[in-house]
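A.B. asks: Quick one: the structure is below, and I'll ask about it shortly.
We did not get these values from a lab; they are worked out from the coordinates using the rules stated. All figures in this text were calculated on a predicted structure; none of them were measured in a lab. With ideal geometry, Cβ positions are generated from the backbone for all residues, glycine too; neighbour counts draw on all protein chains shown.
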Amino acid sequence: MEEDLGREPHEMQEDAIEALQEMKEKLAEQKAEERQERQSLNLIGLSTAILSTLAAIAAMQGGYFANEGMLAQIKSSDRWSEFQAKSTKRHIEESTVTLLQSLQKPVTVKSASELGKLNREQQEIQQEAQKLQVEAEQDLQHHELFARSVAALQVGISMGAIAALTRKRIVWYVGLGIATIGIGLMVAGTLPSHEIAIPAKEEKTGTPEH
């Protein structure tokens, strides 16, 4: 009866080689995962930095349009006040002319000329006030677009930070999607506004009827 002397040396050598090979493969996989994770973190960090820059620009532009809209509204209010003052003065001149006509007295050239001048000035002031109102509304629209853009970009930045902590790329992808909407709003806010035509009837509002 032959004695069991154990495994052959070459078999033990093959097992050792296989074990080393498996260890190398696991180490390679681990390094690949670490490299991929490091690349993901770098991309998340880079995207967060870019989104932060865009959010800062959007916030600055939103503030600019808010200030411009407020300034245009103030100017419009001033022009309407001037319009009302001219209207009061015009009514006084009209009353004077009416009174002279009722007394069958001649209307002076100065009164007629002053009345025509007031009519022209009042129309010009009204058109300018309406134009300033339109500018104020357009600036407000730009401000709202940039404000929404900032909100969307900030959500994208926050989700990027969450993705970096949880190591979940899907969270980062969702954040990028929301940030893309913010970028779209930012682009829309930079587009020039269409000029709003003022109807002719509105331009003549407040002018005397003869």
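A.B. asks: Convert each backbone phi in the range 116-130 into a coupling constant with the Karplus relation 6.51 cos²θ - 1.76 cosθ + 1.60 (shift: θ = phi - 60°), then list the ³J(HN,Hα) values in order as whole Hz, x for Gly and Pro.
C.D. replies: x, 5, 5, 4, 5, 4, 5, 5, 5, 5, 5, 4, 5, 5, 5
A.B. asks: Which three lengths, in whole Å and largest first, does the range 127-198 cover when its Cα atoms are put on their principal axes?
C.D. replies: 59, 14, 11
A.B. asks: Residue-wise, which Karplus ³J(HN,Hα) couplings in Hz belong to the range 63-77, taking 6.51 cos²θ - 1.76 cosθ + 1.60, θ = phi - 60°, and x for glycine or proline?
C.D. replies: x, 4, 5, 5, 5, 5, x, 5, 5, 5, 5, 5, 4, 5, 4
A.B. asks: Is any residue of the range 131-146 close enough, with backbone N under 17 Å, to a label point placed 7 angstrom from the Cα of Asn67 along the Cα-Cβ axis, and if so, which?
C.D. replies: 136, 139-140, 142-144, 146
A.B. asks: Between Ile162 and Gln39, what is 0.36 nm times their sequence separation minus the Cα-Cα distance? Round to one decimal in nm.
C.D. replies: Taking Ile162 through Gln39 to full extension adds about 42.7 nm, to one decimal.
A.B. asks: Then there's this: With θ set to phi - 60°, apply the Karplus curve 6.51 cos²θ - 1.76 cosθ + 1.60 along the range 183-192 and write out the HN-Hα couplings as whole Hz, x wherever there is a Gly or Pro.
C.D. replies: Rounded to whole hertz, the list is 5, x, 5, 5, 5, 4, x, 8, 6, x.
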